1. I need a count of the residues in the range 77-103 that are among the hydrophobic types (A, V, I, L, M, F, W, C) and within 22 Å of ASN173 (Cα to Cα).
2. Touching a residue at least 60 places away in the same chain (Cβ under 8 Å), hydroxyl-bearing (Ser, Thr, Tyr), buried (at least 17 other Cβ atoms within 10 Å of the Cβ) and assigned to a helix (DSSP H, G or I): does that describe TYR144?
3. Looking only at the range 69-103, which residues are in contact with a Pro (Cβ under 7 Å, 6 or more places away or on another chain), among the aliphatic types (A, V, I, L, M) and not in a strand (DSSP E or B)?
4. Would you be able to say whether some residue in the range 156-166 is free of Cβ contacts under 8 Å to residues at least 60 places away in the same chain, out of contact with any Gly (no Cβ under 6 Å at 6 or more places or on another chain), over 19 Å from LYS292 (Cβ atoms) and acidic (Asp, Glu)?
5. Tell me, which residue of the range 28-46 that is among the aliphatic types (A, V, I, L, M) and surrounded by fewer than 18 Cβ atoms within 10 Å (Cβ to Cβ) is farthest from the ligand (Cβ to nearest atom)?
6. State which residue is nearest to the ligand (Cβ to nearest atom) when the search covers only the range 104-141 and only residues that are of a type in the set (A, V, I, L, M) and in a helix (DSSP H, G or I).
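Just so it is clear, none of the values below were taken in a lab; they were calculated from the coordinates. Bear in mind that the values here come from a model prediction, so they are computed numbers and not experimental data. Neighbour counts run over all protein chains shown; Cβ positions are idealised from the backbone, glycine included.
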Amino acid sequence: MTERVLITGVAGFIGSNLLDVLLAETNWHIDGIDNLSTGTKANIDHALGNARFQFIEGDLAQLTSLKPYTKVFHLAALPRIQPSFELVGEHITANVTRAMHLVELMIRENYFPRLVYSGSSAIYGTPQNIPTAEDEAVSCLSPYAFQKYEVEKYLELLATRYPLDYVTLRYFNPYGPRSFNPANSFNAYSSVVGIFLNRHRNRQPLLVTGDGTQRRDFVHVYDLALANLAAARHPERINTAFNVGFGSTLSVLELARMISADIEFIAKREGEADITFADTSKAQQILGWAPKHTLENYLQQELHRA
Ligand SMILES: NC(=O)c1ccc[n+]([C@@H]2O[C@H](COP(=O)([O-])OP(=O)(O)OC[C@H]3O[C@@H](n4cnc5c(N)ncnc54)[C@H](O)[C@@H]3O)[C@@H](O)[C@H]2O)c1
């Protein structure tokens with residue numbers, strides 16, 4: 001029988017790209033839920049006519065059973081560092097309580113589908129070890145980072161009592177199609193690649209925070225989606241976390257210069273790491289996943305279109 005899987009946050013940047021990859025690479029039926037808080041229906045319009053995809057508009061808190069699904073990809077969140085300092089309670093609800101709703105359903109039904117949880121490299125803060133492996137000390141610089149970590153720890157703890165089956169993917173700095181949603185009120189905090197390209201298209205200067213020496217490991221969203229697929233397909237219950245980055249690092253100023261010469265500097269933002277740089281060897285060894293798409297290629301295509 002064809003498998004049925006669930007994507008939470010399907011109308012977001014990463015969720016909508018994951019949907020495309022699952023439609024292309026599997027024969028699964030896919031239910032996608034989204035409350036459109038930061039996502040937009042425009043991101044999934046192209047898939048709405050596909051008989052293998054069903055969109056559920058609403059909050060995932062309304063889900064009453066996960067029994068139809070063999071796998072659950074949990075991406076829904078309020079994923080922005082700066083707003084998490086202000087709307088703290090709202091972020092706890094979206095990022096922790098909602099994730100725990102899924103786990104509660106599993107416990108209540110005594111049914112444990114593979115859960116692929118979208119974690120974040122934000123939990124490393126500014127790491128001591130570069131490149132950074134999964135056993136790096138945790139150092140959360142923002143409520144958002146702490147909330148992403150809290151869910152990881154809940155999964156680990158609850159797995160000591162229940163037969164949870166999960167994989168955490170700690171994304172580094174994703175970029176790619178739909179990373180910038182002008183309708184999202186938090187869009188100033190989305191992927192810097194998307195923000196820069198959007199400003200360049202609108203003939204606006206690129207705003208670099210601080211002196212631009214902060215370095216990022218940029219990973220294409222298709223590679224992220226393929227990591228989700230590899231995590232979902234792993235034959236064993238592994239209950240562990242993997243870094244999902246490209247495995248190289250570029251400064252924000254270097255990135256800006258690759259896009260435009262029209263650059264302005266604005267104040268540094270607190271709570272953000274000085275460097276992210278993934279050691280991806282664990283994902284390569286255990287999931288058989290490695291990133292394939294380069295930032296240079298993506299920028300070339302996008303600048304050609306601009
Ligand atoms: N984009 C990044 O830089 C980044 C980096 C590391 C980790 N992540 C993680 O990846 C995941 C996806 O991030 P994204 O960049 O696609 O963000 P996004 O804001 O584009 O997508 C999140 C989606 O979840 C939906 N949503 C939020 N709460 C919901 C709820 N309670 N019920 C139903 N839908 C809900 C939103 O409407 C949105 O469509 C998040 O868990 C995020 O923490 C993102």
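1. Adding up the residues that qualify gives 8.
2. Considered against the rule, which asks whether it is touching a residue at least 60 places away in the same chain (Cβ under 8 Å), hydroxyl-bearing (Ser, Thr, Tyr), buried (at least 17 other Cβ atoms within 10 Å of the Cβ) and assigned to a helix (DSSP H, G or I), TYR144 comes out as yes.
3. The answer is VAL88, and nothing else.
4. Looking through the range 156-166, none of the residues is free of Cβ contacts under 8 Å to residues at least 60 places away in the same chain, out of contact with any Gly (no Cβ under 6 Å at 6 or more places or on another chain), over 19 Å from LYS292 (Cβ atoms) and acidic (Asp, Glu).
5. Restricting to residues being among the aliphatic types (A, V, I, L, M) and surrounded by fewer than 18 Cβ atoms within 10 Å (Cβ to Cβ), the top hit is ALA42.
6. ALA122
Yes/no per residue for (1) touching a residue at least 40 places away in the same chain (Cβ under 8 Å); (2) within 24 Å of GLU90 (Cα to Cα):
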residue	(1), (2)
GLY15	yes, yes
LEU19	no, no
LEU22	yes, no
LYS41	no, yes
